[in-house]
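Comments concern the structure below.
The values are calculated or read from the model by the stated rules, or taken from the named source; none is laboratory data. Please read these numbers as outputs of a predicted model, since none were measured by experiment. Please note: Cβ atoms are built from the backbone with ideal geometry, for glycine as well, and neighbour counts cover all protein chains shown.
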Amino acid sequence: MKRFEFSMDRVLKVKSQLKRIAEAEEARAEQVFIAARTVVDGVKVQQVRVAEALSGKLGQGVSPCQWVNVFELSENLSRQLAAAEQAASAAEAKWKIAQEERKTVAGEVEALTSLRQQKWDAWKREREAKTQEQLDEISLRRWMAAQEDRNEAARNEAA
């Protein structure tokens with residue numbers, strides 16, 4: 001009997017490679033998102049520190065120069081926060097797209113793997129059936145030969 005062949009083995013190999021690439025892309029996109037969220041969190045921490053520094057000076061006189069510096073710092077942090085949140089949002093969207101692409105390719109690989117297993121099982125059952133058929137044929141021939149030997153022995157005794 002011929003050896004097992006799955007006609008879509010090449011497709012399965014290519015899809016498996018694409019799955020590994022998609023997994024790597026998803027991991028990279030996740031790292032970019034985590035880094036962007038870290039920047040957002042860092043800017044928020046800076047804003048809290050500025051607010052705490054100002055709240056400590058409530059009721060005290062603040063020079064106009066200090067006020068302008070704190071105001072400019074607050075404005076700068078607000079712009080940085082907006083930019084960081086926008087970058088984090090874009091990174092999260094790319095990560096979600098990468099997740100969907102990985103899921104799609106993983107589904108295709110799973111379907112092809114399942115189909116390959118079904119084909120393998122069918123081939124194996126067919127091979128086992130043919131082997132059993134050959135064994136039955138051999139057993140039948142041996143039985144018939146034994147019958148002929150007994151019949152001939154019986155004829156020889158009768159003669």
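Looking only at segment 76-89, decide whether some residue is among the polar types (S, T, N, Q), farther than 30 Å from GLN46 by Cβ and either in a helix (DSSP H, G or I) or at pLDDT below 95 (or both). Outline the logic, then answer.
Narrowing segment 76-89 to residues among the polar types (S, T, N, Q): 76, 78, 80, 86, 89.
The next check asks that each one be farther than 30 Å from GLN46 by Cβ; those that pass are none.
There is no residue in segment 76-89 that is among the polar types (S, T, N, Q), farther than 30 Å from GLN46 by Cβ and either in a helix (DSSP H, G or I) or at pLDDT below 95 (or both).
It is to be established whether one or more residues within segment 74-94 are closer than 30 Å to GLU5 by Cα and either under 43 Å from the mean Cα position of the chain (by Cα) or surrounded by 13 or more Cβ atoms within 10 Å (Cβ to Cβ) (or both). Talk me through it step by step, then tell me what you get.
Start the filter on segment 74-94 by keeping residues that are closer than 30 Å to GLU5 by Cα, which leaves none.
There is no residue in segment 74-94 that is closer than 30 Å to GLU5 by Cα and either under 43 Å from the mean Cα position of the chain (by Cα) or surrounded by 13 or more Cβ atoms within 10 Å (Cβ to Cβ) (or both).
Consider GLU26 against the criteria (1) of a type outside the set (Val, Ile, Thr); (2) in a helix (DSSP H, G or I); (3) touching a residue at least 60 places away in the same chain (Cβ under 8 Å); (4) farther than 23 Å from ALA84 by Cβ: it satisfies all of them except one. Which criterion is unmet?
Among (1) of a type outside the set (Val, Ile, Thr); (2) in a helix (DSSP H, G or I); (3) touching a residue at least 60 places away in the same chain (Cβ under 8 Å); (4) farther than 23 Å from ALA84 by Cβ, the lone unmet condition for GLU26 is (4).
Those residues that are of a type in the set (Gly, Ala, Ser) and either touching a Gly at 6+ places or on another chain (Cβ under 9 Å) or at pLDDT 95 or above (or both), I need them from segment 1-45; list them, please.
Here is the first cut: in segment 1-45, the ones of a type in the set (Gly, Ala, Ser) are 7, 16, 22, 24, 27, 29, 35-36, 42.
Result: SER16, ALA22, ALA24, ALA27, ALA29, ALA35, ALA36, GLY42.
Here is a yes/no grid of residues against (1) surrounded by 10 or more Cβ atoms within 10 Å (Cβ to Cβ); (2) over 49 Å from the mean Cα position of the chain (by Cα); (3) in a helix (DSSP H, G or I); (4) not small (Gly, Ala, Ser):
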{"residue": "LYS119", "(1), (2), (3), (4)": "yes, no, yes, yes"}
{"residue": "ASP136", "(1), (2), (3), (4)": "yes, no, yes, yes"}
{"residue": "ALA145", "(1), (2), (3), (4)": "yes, yes, yes, no"}
{"residue": "ASN151", "(1), (2), (3), (4)": "yes, yes, yes, yes"}
{"residue": "ALA154", "(1), (2), (3), (4)": "yes, yes, yes, no"}
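Determine, yes or no, whether ARG127 is surrounded by 12 or more Cβ atoms within 10 Å (Cβ to Cβ) and of a type outside the set (Ser, Thr, Tyr). Give the derivation first.
Numbers: surrounded by 12 or more Cβ atoms within 10 Å (Cβ to Cβ): yes; of a type outside the set (Ser, Thr, Tyr): yes.
In short, yes.
Give me the pairs: first residue in segment 1-17 and outside any helix (DSSP H, G or I), second residue among the acidic types (Asp, Glu) and exposed (fewer than 13 other Cβ atoms within 10 Å of the Cβ), beta-carbon distance under 8 Å, and six or more apart or on different chains, which are they?
MET1/GLU126
Scan segment 125-139 and report the pairs whose first residue is closer than 15 Å to ARG3 by Cβ and whose second residue is surrounded by fewer than 11 Cβ atoms within 10 Å (Cβ to Cβ), with Cβ atoms within less than 7 Å and a gap of 6+ or a chain change.
From segment 125-139, the pairs are ARG127/MET1; LYS130/MET1.
If only one of ALA122, ALA146, ALA51 is within 30 Å of ARG10 (Cα to Cα) and among the small types (Gly, Ala, Ser), which one is it? If you could, list the steps in order and put the result at the bottom.
Working: ALA146 fails: within 30 Å of ARG10 (Cα to Cα); ALA51 fails: within 30 Å of ARG10 (Cα to Cα).
Sole residue among the options that is within 30 Å of ARG10 (Cα to Cα) and among the small types (Gly, Ala, Ser): ALA122.
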